[in-house]
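See structure below.
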Amino acid sequence: MNSTERTAEPAATNTSTAEDARERFEVVVIGAGQAGLAVGYFLARAGRRFLIVDGADSIAVAWRDRWDSLTLFTPRRYDSLPGLAFAGDPDGYPRRDEVIAYLEQYAAAFELPIESGSAAESVDAEGGRFVVGLEGRQIEAHQVVVATGPFQVPRVPAFAGELAPDVFQAHSTVYRRPSDVPEGTVLVVGGGNTGFQIAAELAATHRVQLAVGSRQTPLPQRFLGRDLFWWLTKTRLLDKTVESRLGRRLRDRDTLIGSSPRQLKRNGVELKPRAVAASGRTVSFADGSELEVDTVIWATGYQPDHSWIKLPVTDANGRVRHRRGVTDVPGLYFLGLAWQYTRGSALLGWIKDDAEFIAEQIDVFAEAETTREPDRARLGAGPKLRDDILDTPPVSVA
């Protein structure tokens, strides 16, 4: 039997309780995006009995929720998950649909056991195992990887509710194409890569203004004939960890790649400062100016929501406490967080490093499980982390 087939552990024959009826796996991975698929590759290679669950009807839902023309700022040569190259011109930049097709190909190529349409509603511990609550049933696992990524709950400022009902509003997760946006003045709120790219696209058909809350550092897509990521790779800047001096400086800063305020102005987009209030059809800005709008696109990012995890893995602000994805709850891991370990932790082509590390920790934990004393409380103590992060303090990541 293939080690990655979705098979449950046999239930005990001497009882017929609900607990006995639960499916049991060595590992349950929550999330069928790039993070879940990458760790699934390593779990399959190790022969683990595991299951990947996702609430969406298909994999890669975070990519499907992006606008049609989205183009990665990393060339294809840097966009591969472990074991399968990203097809096409290695120096070209893939579009959203190419990424979705690649991830679908990846899941099929390695026959990863994925159960779509099964949202994880809770994760708890019971009787020495993790219990993952799905709609209508529960499954058990020795270990759990939360691979839901950084794009969870869309963040929209509270004053958005003060806009008139006839003002068209959409978060960037809902925006798809310019033809969906009504005629008139469009305000894009959010000065990151998403806000800049959507504003540039809309400028061809609409009057667009972009509200930028904080100044970003623009970097060119190409420099001295080479792509930016060639330089970042060669100088090993992408390998700087979150605990390094440079990592601590960069982790809370956004960087514009291939976009700049000057370029946006040349495209006819007017820049505004931070949006601070709204009333009717009018949005107010930090400098006291106002703008009457017909449409607002909120490119304001996301906020984490781990309230469904019923175990102590977050700090007082709701941020995950971990050491490179390893939480204080033995056997429970996170994968795909922004700056989980390096700048590349949440990027398509770099997530394989963290995925391999988490898979190694799963092996360490499983080995410890087989040799532990029979009466040792499983969730009371776990195996030691790998030596290279023993001295790393826990960090909190949104």
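The values are calculated or read from the model by the stated rules, or taken from the named source; none is laboratory data. The model shown is predicted, which means the values in this text are computed figures rather than measured ones. When we count neighbours, we look across all protein chains shown, and the Cβ atoms used for this are built from the backbone with ideal geometry, even at glycine. Only protein heavy atoms, including side chains, enter the accessible area calculation; ligands, DNA and RNA are left aside. Shrake-Rupley method; radii C 1.70, N 1.55, O 1.52, S 1.80 Å.
Quick check: is even one residue across the range 331-345 modelled with pLDDT of 95 or more and either aliphatic (A, V, I, L, M) or farther than 29 Å from ARG49 by Cα (or both)?
Yes - at least one qualifying residue is present in the range 331-345.
Being open to solvent by less than 80 Å² (accessible area, probe 1.4 Å) and touching a Phe, Trp or Tyr at 6+ places or on another chain (Cβ under 6 Å), is that true of even one residue in the range 296-306?
Yes, the conditions are met somewhere in the range 296-306.
How many residues does the range 49-59 contain that are open to solvent by 40 Å² or more (accessible area, probe 1.4 Å) and closer than 16 Å to ILE139 by Cβ?
2
Report yes if ALA275 is within 24 Å of VAL181 (Cα to Cα), at pLDDT 95 or above and surrounded by 19 or more Cβ atoms within 10 Å (Cβ to Cβ), otherwise no.
Yes.
I need the full set of residues from the range 170-192 which are in contact with a helix residue (DSSP H, G or I) (Cβ under 9 Å, 6 or more places away or on another chain) and either buried (at least 19 other Cβ atoms within 10 Å of the Cβ) or among the acidic types (Asp, Glu) (or both), in order please.
Result: SER172, TYR175, VAL181, VAL186, VAL188, VAL189, GLY190, GLY191.
Looking at (1) among the basic types (Lys, Arg); (2) touching a residue at least 24 places away in the same chain (Cβ under 8 Å); (3) loosely packed, with under 13 Cβ neighbours inside 10 Å, which one does ARG266 not meet, given that it meets all the others?
(2)
Quick check: anything in the range 61-70 assigned to a strand (DSSP E or B), touching a residue at least 60 places away in the same chain (Cβ under 8 Å), of a type outside the set (D, E, K, R) and open to solvent by 30 Å² or more (accessible area, probe 1.4 Å)?
no
Among the residues of the range 310-324, how many are touching a residue at least 60 places away in the same chain (Cβ under 8 Å), over 21 Å from ARG245 (Cβ atoms) and open to solvent by less than 10 Å² (accessible area, probe 1.4 Å)?
1
So which residues in the range 331-368 are open to solvent by less than 10 Å² (accessible area, probe 1.4 Å) and in a strand (DSSP E or B), if there are any at all?
Scanning the range 331-368 gives LEU332, TYR333, PHE334.
So is ARG253 over 15 Å from ALA164 (Cβ atoms), modelled with pLDDT under 95 and assigned to a helix (DSSP H, G or I) or not?
Taking the combined requirement at face value, the residue does not satisfy it.
Considering every residue within the range 145-168, establish whether at least one is outside any loop (DSSP other than H, G, I, E, B) and buried (at least 21 other Cβ atoms within 10 Å of the Cβ).
Yes, that holds for at least one residue.
Of all the residues that make up the range 92-101, how many are open to solvent by 20 Å² or more (accessible area, probe 1.4 Å) and in a loop (DSSP other than H, G, I, E, B)?
Qualifying residue count for the region: 1.
Please verify whether GLU104 is of a type in the set (Asp, Glu), touching a strand residue (DSSP E or B) at 6+ places or on another chain (Cβ under 7 Å) and surrounded by fewer than 19 Cβ atoms within 10 Å (Cβ to Cβ), treating the condition exactly as stated.
For GLU104, the condition - of a type in the set (Asp, Glu), touching a strand residue (DSSP E or B) at 6+ places or on another chain (Cβ under 7 Å) and surrounded by fewer than 19 Cβ atoms within 10 Å (Cβ to Cβ) - is not met.
Suppose we keep only residues that are polar (S, T, N, Q) and in a loop (DSSP other than H, G, I, E, B) within the range 293-330. Which one would you say is modelled with the lowest pLDDT?
ASN317
Can you tell me which of (1) modelled with pLDDT of 95 or more; (2) crowded, with 19+ Cβ neighbours inside 10 Å; (3) under 30 Å from LEU332 (Cβ atoms) is the one GLY133 doesn't meet?
Tallying (1) modelled with pLDDT of 95 or more; (2) crowded, with 19+ Cβ neighbours inside 10 Å; (3) under 30 Å from LEU332 (Cβ atoms), GLY133 fails exactly one: (2).
Go through the range 193-240 and report how many residues are open to solvent by 30 Å² or more (accessible area, probe 1.4 Å), closer than 19 Å to ARG177 by Cβ, assigned to a helix (DSSP H, G or I) and hydrophobic (A, V, I, L, M, F, W, C).
1
Can you pull out the residues in the range 107-138 that are within 29 Å of SER80 (Cβ to Cβ) and assigned to a strand (DSSP E or B)?
Those that are within 29 Å of SER80 (Cβ to Cβ) and assigned to a strand (DSSP E or B): ILE114, GLU115, ALA120.
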